[in-house]
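Please read the structure below before turning to the comments.
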Amino acid sequence: NSKWLETPVQKNFSENLALLSGTDNRLSVELLTQKGRNNLSFAVGEEILFFLKANKNVYVKLYTADASNKIFRIYPNEFTNSTPLVRAGEVASIPGNTYSSDFSFLVKGQTGNEMVFAFASDTPLPDLPGSSDTGFYGMRQVNLNIRQIKQWVSDYALQRGISLSWDSLPILTHQ
C-alpha cells in the first residue's frame, strides 16, 4: 500500500537507514574555532578564528550575538565577495587569507555569554530584513533576535525550495 510508505514511521526509518548506510544527502555545516567546539572561553584581547566545513558546496552567512544581545552579520564582509562559496569538504577560515593583515576578531567590550551561528544554503540567502551597515568592514547589525532570524531564514528557504543547514557555538568571553 503506497500510503503506508508515506507514514512518519516509514519516513523516519528511511532517514535513519540512509544515515547508517552513509547515503544521507542532507546539507550539513559545522562551525568551530581554533579551540574547537566545546567549552569555548576567550579573554579580552584574544583573537577568535572561525572555521566552517560543509558536506556540499554552500553559501554561508555567519552571525554573532554579543554579550549585550546585539546581533551582527560578520560574514560575508568587505573582504569576501557578496556570495562567498564554501566548497564541499574544504575548511574555510574566517578571517581568511583574503583579509587585510591588520584585521582580526578580537574580544573586547562587554563580556559574558555570546553565540555565533552559521547558516549554510545551496543558494545565496539575502540580507535579513532590518539589517543595517555598521560602517565596520561591511558587517551588518541585525535588529532581530536569534529565534526570529532562524524563523525568517527557514521560511525563506522553505518557500523557495532552498536546502538549508545551521550550526551554532556558545562562547564565553571574560576579562
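The values are calculated or read from the model by the stated rules, or taken from the named source; none is laboratory data. Just so you know, these numbers come straight off a predicted model, no measurement behind them. Glycine gets a Cβ as well: all are built from the backbone with ideal geometry, and neighbour counts include every protein chain shown. With ligands, DNA and RNA removed, areas are computed over all heavy atoms of the protein, side chains included. Shrake-Rupley method; radii C 1.70, N 1.55, O 1.52, S 1.80 Å.
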| query | Regarding residue 64, is this residue within 21 Å of residue 35 (Cα to Cα) and of a type outside the set (Asp, Glu)? | reply | yes
| remark: A careful count of residues in region 154-175 that are without any contact (Cβ under 8 Å) to a residue 24 or more places away in the chain and open to solvent by less than 50 Å² (accessible area, probe 1.4 Å) gives 1
| note | Filtering region 72-81 down to residues that are touching a residue at least 24 places away in the same chain (Cβ under 8 Å) and more than 13 Å from the chain's Cα centre (by Cα) yields 77, 78, 79
| Positions within region 106-124 being surrounded by 18 or more Cβ atoms within 10 Å (Cβ to Cβ) and not in a loop (DSSP other than H, G, I, E, B), in sequence order | 114, 116, 117, 118, 119, 120, 121
| note | Taking region 84-99 and the residues there that are open to solvent by 40 Å² or more (accessible area, probe 1.4 Å) and of a type outside the set (Asp, Glu), the one that is modelled with the lowest pLDDT would be 98
| field | Candidate set from region 47-67 (those that are open to solvent by less than 60 Å² (accessible area, probe 1.4 Å) and not in a strand (DSSP E or B)); member that is farthest from residue 28 (Cα to Cα) | value | 67
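This table checks each residue for (1) within 22 Å of residue 32 (Cα to Cα); (2) among the hydroxyl-bearing types (Ser, Thr, Tyr).
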position	(1), (2)
124	yes, no
127	no, no
131	no, yes
136	no, no
144	no, no
150	yes, no
153	yes, no
160	no, no
| task | Pick out the one residue from 118, 65, 157, 92 that is more than 13 Å from the chain's Cα centre (by Cα) and small (Gly, Ala, Ser). | result | 157
| message | Looking at the structure I just gave you, is residue 42 modelled with pLDDT of 90 or more and over 16 Å from the mean Cα position of the chain (by Cα)? | response | yes
